[in-house]
Structure formats: C-alpha cells, structure tokens
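Asker: Structure incoming, see below.
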Amino acid sequence: MDPQQKRLLAVAVLYHRLKARRRRRSWVRETNQARPEQGEFHRLVRELRLDGGRFQTHFRLSVEQFDGLLHRVGPLIRAVETNYRKPISPSQRLSICLRYLVSGESCRSVAHSYRVGVSTVCGIVRQVSQAVWDCLVDDFMPVPREADWRAMAEDYMELRNFPNCVGAVDSKHVIIQAPANSGPLYRNYKGSFSIVLTAVVDARYRFRLVDLGACGGSSDGDVLSDSVFGQALRTATLRLPPDQHLPGAEHLGPLPHVLVGDEAFPLLRNLMRPYPGSNLPREQRLYNQRLSQARRLVDCVFSRLASEFRIFQQVMRIEPVAAELAVRAACILHNFMRWDLTEDISADGAGEGLLPVQRLQSDDASAEASSIRNRFAEYLSSPEKGWEPVG
C-alpha cells in the first residue's frame, strides 16, 4: 500500500469514528436537569438562610454579608439570558465560588452537589473570584497612603510595643497541581508545586498588601525582588511616612518606619529581620524577641486564612492563573468579613496548610540597614522601657 492510499484509509477511518460518535442530545446532562429540585443551591442553601449560624458556617459569611457582597458583584457575574436556556443566577454563581473556596473540595465535587457541569464550576470560580477582587479591593484592601501607614504604626506601638512598625510581612507557598509542560518552574524546595503568596499584615489582623507574582521554583531572593511589593520597597515608593524619633529616645536620632519579617527576608532600610545565630548578647536577643512578637501577627493571619478557606489545606487542582484569582479572592474576603472588627486572634503558628518559604542563611546587609537595626535593638532593650525577656 503506497503512502497516498494509507492517508486515504486513515481519513476514512477517522470519518467513520466521528460519525459513529453519539451526538449530544441536550445542552444539560440528565442528572443536571433536576437542578431546580435537587441542586444544593435550591434546597440546602435556601434552608440555611433560615438559620444564620449554619449559613455562616457553610459560607463563612453571614446572610447580611452574603447579600451585601452579591449586591456588589452581581452585575459583573450576571450571564446573558438567551432563548436556548436559562443562565445560572448571580446568587447561585456566588454560592458555587464561595463553597469551592470554603470547603476545599474539587470542582467536580462542587459540580455534583450543585448539579452543574465541571467546566461550568471552573469557569464560575475564575469569573467570580476576579469580580470579588475587583469590587472589594478599593474598600477593603486599598493601597496604603502615608496617613494609612501612620495609623498602622500607631496600632503596632499600642498593641505590640514595636515603634515605627507599619506591618508584618511573610511569604507562603500555596500548593497547586503540577501545570502541564511547566518543568521545574513551579516545583518548590520540598518537591511539591506551588505559587508564592507574599503579604503585609497590620496590627488588626488584616491584609494590607498581597502579591502572587512568584512561582514555587523561584529562589528566596527572587520572590521578593521580582514582586511589585519588593520593588516598591527597594525603590522607596511605598509612600511610607518620613523618619521620626522613637518615644523618649531622641538621642538615637530619627529612625525610618519599617516592616518586620523573618529570616527569609533581607535586611533593608525599611525592612527589619532578626539577628542571625543563637548565642546572642542580651540586646540582640531582646530585639529578636520583640520583633518575633510583632511579626507573629502575619503567621496568625495565615493560620486563620487556611482555617476559613480550606482550599489552602488541599492541592488546588486548577490552572495557576485561576489559583491566583482564588487566592486573591480569599484574602480580600478575609478583610471583608472583619474590616471593622477589633477581635483578638489567639491562634498561633506558621499557617496551617501553607508551606513556608525556605529560610536564608546569610545576613548580608548595607551599613545603613545594620545601623538602623542596632538602634532599634538599643531602644527595645533599654531598661527604662521595662522590656525584659519573656520566658
């Protein structure tokens, strides 16, 4: 058989296979056609509305918060109605997205519960997550201005006894399914695949800045330097307040407003990290302890985030772009639920379900940054402040 005949035979076989395929008889599968009677939204969710406590456990939002969020995002997620079929309502779309974020279940599992297609759920999660971020970010995670940084510094001084501190920063790996043909790009130092969430948290346990620009395979230095936040920090474009004297310590001179982080971050003029090593003098040991107490807030927030939204406790089996949108939506919803609250989060830890970044071993820093840290250490360890080691 010559090559021409082989090609004709292959085309004929392919044609008959395509022709023999079972044609799609309807837009919706038979099991999903019972959605108005058997779907979770039309049965369970409507019943939960009669019990506010169970509703909030199911969605993490109160009924009032859910309705307020729906009012904001509804116009952006409303589907166009056609003569072929009735679209899924904005309320049901929001319910599907929230249930995916809260439960940590797969898109397939949520699709079976709500009696919709798996690809439909994936599309809804992506669309609604983007809409939630767009509608809430200006009110519940606005880019801090100088007055905002000052208010954050006052909170840290009042609640954590750390002067000129405007926030705690940390990075965590969010585990995702290995993307196709990605090679080592998303593989982190523990062998899993992830995207990196970098966040700045204020003293009231709220996210003030989040960045998801790094892949799990990025080095520790690249995570910060490649992020928008890191570039703004290095180029002094965060609009931090000008340097000022610490209370009762004019002899130390004016000190900058700083963020506090752990060993994963470099020592910069506006970013303080601990002194390295174990056998440290008293002054450096006290400084490390005070910095740890101030920085611990970001660990508490990551822990609460993973508890509220269980997608962080599972492998996210969606594409990286959709995973980033889901993570951003979870962070902004965390703020939306507690923006005006003054609750005390006592949970401690490194963020259940969130893998910490690998720690740096060196302490390379500029002479200016080292001098600033030494002056903070002198202030925080001074006997007249009454700050002694705890435990």
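Asker: Please sort through the DSSP H helices of the chain and keep those with an alpha-carbon extent of at least 27 Å along the long axis and a Kyte-Doolittle average not below 0.0. Kindly include the intermediate steps, with their values, before the conclusion.
Answerer: Values: long enough: 118-140 (32 Å, 0.76); 282-308 (39 Å, -0.84); 320-338 (28 Å, 0.84).
Long hydrophobic helices here: 118-140, 320-338.
Asker: At 1.567 mPa s and 4 °C, plugging the Kirkwood radius over alpha-carbon pairs of the range 133-252 into Stokes-Einstein gives what diffusion coefficient in µm²/s?
Answerer: Numbers: Rh = 16.2 Å.
D = 80 µm²/s.
Asker: At 222 nm, what helix-only mean residue ellipticity would the chain give, in deg cm²/dmol to the nearest 500, using -39500 (n - 2.57) for each DSSP H run of four or more?
Answerer: Values: 13 runs with 178 residues, N = 391.
About -14500 deg cm²/dmol.
Asker: Dipole magnitude of the chain about its Cα centre, charges +1 at Lys/Arg Cβ and -1 at Asp/Glu Cβ only, in debye to the nearest 20? Numbers along the way, then the final one.
Answerer: On the way: 52 positive and 44 negative charges, 601 e Å.
Roughly 2880 debye, rounded to the nearest 20.
Asker: Moving to a separate point now. So what's the chain giving for Rg/Rh, alpha carbon basis, Kirkwood Rh from the mean inverse pair distance?
Answerer: Checking Rg against Rh, the ratio lands at 1.09.
Asker: Same structure again: All other residues with a Cβ under 15 Å from the Cβ of Pro320 taken together, and with Lys, Arg as +1 and Asp, Glu as -1, what is their net charge? Could you put the intermediate results ahead of the total?
Answerer: Values: positive: Arg126, Arg187, Arg317, Arg328; negative: Asp211, Glu319, Glu324.
Summing Lys/Arg as +1 and Asp/Glu as -1 gives +1.
Asker: Compute the distance from the alpha-carbon center of the range 46-121 to that of the range 293-330, in whole Å.
Answerer: Between the Cα centre of the range 46-121 and that of the range 293-330, the gap is 20 Å.
Asker: From the C-alpha gyration tensor of the range 172-221, pull out the three semi-axes of the equivalent ellipsoid (sqrt of 5λ each), sorted largest to smallest, in whole Å.
Answerer: For the range 172-221, the semi-axes come out at 25, 10, 9 Å.
Asker: While we're here: Sort all Cα-Cα distances of the range 200-305 into consecutive 10 angstrom bins from zero, then give the percent of pairs in each bin up to the one containing the longest distance.
Answerer: So the P(r) values, bin by bin, are 12, 39, 38, 11, 1.
Asker: Just the ratio, please: alpha-carbon radius of gyration of the range 77-212 over 2.2 N^0.38 Å, N its number of residues. Mind dumping the intermediate values first?
Answerer: Numbers: Rg = 19.7 Å, N = 136, 2.2 N^0.38 = 14.2 Å.
Relative to the 2.2 N^0.38 Å estimate, the range 77-212 comes out at 1.38.
Asker: As a test of the definition: which semi-axes, in Å, follow for the range 32-139 when you take the square root of five times each eigenvalue of its alpha carbon gyration tensor? Largest first, please.
Answerer: Values: eigenvalues 77, 64, 37 Å².
After scaling each eigenvalue by five and taking roots: 20, 18, 14 Å.
Asker: Taking the mean number of other Cβ atoms within 10 Å as a proxy for protection, how do you rank 117-126, 235-244 from highest to lowest?
Answerer: Values: 117-126: 19.1, 235-244: 13.7.
Top to bottom by mean Cβ count within 10 Å: 117-126, 235-244.
Asker: Name the residue farthest towards the positive end of the dipole of the chain from the options Ser366, Thr198, Cys97, assuming +1 on Cβ of Lys and Arg, -1 on Cβ of Asp and Glu, about the Cα centre.
Answerer: Farthest along the dipole direction, towards plus: Cys97.
Where a number appears in this text, it was derived from the coordinates with a stated rule and is not lab data. If you're wondering where the values come from, they're calculated on a predicted model, not measured in any experiment. Here Cβ is always computed from backbone atoms with ideal geometry, including for glycine, and neighbour counts include all displayed protein chains.
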